[in-house]
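I have placed the structure first, in the form of structure tokens, so that the comments after it can refer back to it.
Just so it is clear, none of the values below were taken in a lab; they were calculated from the coordinates. None of these values were measured; they are calculated from a predicted model.
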Amino acid sequence: AGGVCVLILTSFLVATVPGRESASRPFATTVALEQGAVIVDVSPARAGVNELHLNFVDGNGLPVAVAAAELSISRDSIEPLRVPLLPLTPSHYTAAQASFGAPGTWTLALTIVRAGEATTTSVAVIIK
């Protein structure tokens, strides 16, 4: 009977995905802008509520202030949804409750205002 328990336990452990592999990895990318870039981080990059960070940097990777930032997300037939952004610093904006309703590739459309000029860019984000 003891051998059967060990066999059952061993087969269960072999079939279980290790915690570090089953946990979702955050999505991160850097998007070039006309002047500098924006570093986009989405965590945990899973369907549902995610935390999103936008860090604006100059050509040397140093933080650069933006006057305003607006974000919307969309996917396939889903109309763009505006995501409220909170500026933590003039170069770092966040959305603590960015909701991605389903897995797949989502488009983040970002408009920033810097030195009185608006710039729009987009980035594809993979949600698991």
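Specify whether the C-alpha gyration tensor of segment 40-85 places it in the rounded, prolate or oblate class, a ≥ b ≥ c being the square roots of the eigenvalues: rounded for a/c under 1.5, otherwise prolate if a/b is larger than b/c and oblate if not.
Prolate, since a/c reaches 1.5 and a/b exceeds b/c.
Compute the Cα gyration tensor for segment 27-128, then decide on rounded, prolate or oblate, letting a ≥ b ≥ c be the square roots of its eigenvalues: rounded whenever a/c is under 1.5, prolate when a/b is larger than b/c in the other cases, and oblate in all that remain. Display every interim value, and only then the final one.
On the way: a/c = 1.84, a/b = 1.71, b/c = 1.07.
Because a/c hits 1.5 or more and a/b exceeds b/c, segment 27-128 counts as prolate.
How large is ³J(HN,Hα) for each residue in segment 122-128, as worked out from phi by the Karplus curve 6.51 cos²θ - 1.76 cosθ + 1.60 (θ = phi - 60°), to whole Hz, x for Gly and Pro?
The phi angles translate into 9, 8, 8, 10, 8, 10, 8 Hz.
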